[in-house]
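One structure below.
The values are calculated or read from the model by the stated rules, or taken from the named source; none is laboratory data. Note that this is a predicted model, so its numbers are computed, not measured. Every residue, glycine among them, receives a Cβ derived from its backbone with ideal geometry; neighbour counts consider all protein chains shown.
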Amino acid sequence: MSSSFKFSRDDVLAEIMSSIIDGLKIVQPLITAYTQLQASNKEAQRKFEQATIESMEKSLELTKAQTKVEMLQNNVNELLIESRDHISMLQDGPMKSRSTIAMEESGSRTRARLWDDLSRDNRVQSGSLNFSPPSNKAEDLATAKQLLDTVLGQSWPDEVSMYLSLNKILEALTPEGTFVHDTHSFQKLPVDSTISWKGDLAITLFHILTIVEWKSLDTEIISSHKGQMVDYLLAVKAKVPAHTQLHGVLSNLTTSFVFEMTFAQGNYDVRVLRTDNLLHALMYAIDNTFTSAIVVRSTEIFASTMGNFIATVQLRDIPASLHPRVTKLFPRATKVVMKTSARPSHTSQQQSFLNEVEMTKRVCCLDRFVNVVQYLKDESPVLFMFPHGRPIGDKELPLTMRNIVQGVVDGLKYIHDCNIIHRDLRRSNVVLVKQQGHYQPMIIDFGCAVDADKKQILYEGSALAYPPRILSINSPTLYDPTKGDDLFALILMVQTLLFPLSFSGFDVRKVEPSLERSRETQRLLDLWTALKSSSYWGQFYHAADRQDYNSLKEMSQPFVTLAP
């Protein structure tokens, strides 16, 4: 007997639904995982896009910062090149010059390219040397010729072996008081021979008279050798930016080339003079460089507090002969900067340099008046400035601020008693020296100073030292300077100490007497009007006008606040 199973429609549907439910249970986790994966991918994409945007923004900010740094660097370079004071940058590392083309790379190929580029740009003038030695050099020339004949009569295994004998030839031709150095292995300037004002090799770079590069007799002088000479002379220029002309000699003993480099407006040209007379080449280069330096009567060494100079070297690196005098007068001196007396590029710059020497000499006193820069004597044709102070900061203690105001008034009184008008009194021309535990101000920079009896001259000082009576005139004009002008400048200096933020961003370069006044000129004139009519500042305005030094000291009184 057989049996059969029958399923109702409901049973089938129930079975199907059960299978579907079981399937969904299996698929659901997959769907959930997929959904989570999609969400995760979207979040990851969002974060990636956000990171990309942030990266682009940071890259843009970095580019802006780099551009700003480059602009600032260019501005600094321009200021250094155009600096009235011809500041020489003394530092341990090599210094880049914007004129230097090949200093970044080494090798004959680069130097050959340098020379070829200069020639292609018509910046090289070639010719023959026509030179007749002066009669008073006949004995030196005869001695040098004997030494040269000895050198030519010998055989040398290499160039280096010749240097000792060749340098003796140079010693016979150089002026008294100069030194010949073998510098072929000198890392900072590996030219074969250097003639310098100083015997100390460590500082010879800053006192170079001329340089000589030797080649052996069988060496043909080619473009790379000439490019090498240009390279060396640019390195000298970089160390002493005040040079406007430099000389060097390149010689294989039978054929010699005098290199004469002239610098102007941030660029340079080269004149190359060929001769078969080595001694004439050397004498020409030495004599022309020697006579191009400014001759300052009893050349002075300034002991100053230029703590805000950009580059300095340690005091131990200056000539040992100066140490006793410097340390005796300024026991806290640790660093030094240099002003050169090499011929500046403009007559006005030359006059400013000589004027600073003369005016600082006049304010020197045996008692070392504390608020005015002093000087020391030396034989070198350079100006050394010994900083032992620091610039005035924005967060000085009230006592220091009061000392600044009162000390500057005393300093101006002393300068005026010497019958001198400073004409460039401003915050950056006052530095701080620690005396008996307290900071005292010292007035520096006499480049614009004049005799108080001078009449009808042009104004040359800072815009913030502009006499208000001259600034209000509608055009630049000649004027009679007065001692009161320095006292008006003092009032503005005190304003910069009290309200430094008010002067932040003020473009002093746009301040000048003009019919169409700049915004900066008008702002300064408005300030003078407000000061004159002020119940407080007006008293100091009138005190400056009548040269009342004691009353001006009262400007120190507002510098009172909570002790730190």
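Given the criteria free of Cβ contacts under 8 Å to residues at least 12 places away in the same chain, small (G, A, S), closer than 23 Å to K532 by Cα and out of contact with any His (no Cβ under 6 Å at 6 or more places or on another chain), does S504 qualify?
The answer is yes for S504.
Residues that are among the charged types (D, E, K, R), in the same structural domain as N267 (by TED's automatic domain parsing), more than 30 Å from E176 (Cα to Cα) and outside any loop (DSSP other than H, G, I, E, B): does region 144-156 have at least one?
Scanning region 144-156, I find no residue that is among the charged types (D, E, K, R), in the same structural domain as N267 (by TED's automatic domain parsing), more than 30 Å from E176 (Cα to Cα) and outside any loop (DSSP other than H, G, I, E, B), so the answer is no.
If you scan region 476-524, which residues turn out to be hydroxyl-bearing (S, T, Y) and under 30 Å from the mean Cα position of the chain (by Cα)?
T496, S502, S504, S518, T521
What's the number of the only condition in (1) crowded, with 23+ Cβ neighbours inside 10 Å; (2) within 27 Å of the chain's Cα centre (by Cα); (3) closer than 22 Å to D394 by Cα that H422 fails to meet?
Unmet for H422, out of (1) crowded, with 23+ Cβ neighbours inside 10 Å; (2) within 27 Å of the chain's Cα centre (by Cα); (3) closer than 22 Å to D394 by Cα: (3).
If I ask for residues that are outside any helix (DSSP H, G or I) and free of Cβ contacts under 8 Å to residues at least 60 places away in the same chain, which ones from region 397-419 would you list?
Listed by number, the residues that qualify are C418, N419.
Report yes if L170 is in the same structural domain as N267 (by TED's automatic domain parsing), modelled with pLDDT of 85 or more and surrounded by 19 or more Cβ atoms within 10 Å (Cβ to Cβ), otherwise no.
So L170 passes the test.
When the residues of region 425-462 are filtered to those that are of a type in the set (S, T, Y) and under 21 Å from the mean Cα position of the chain (by Cα), which remaining residue is nearest to Y479 (Cα to Cα)?
By that ranking, first place goes to S462.
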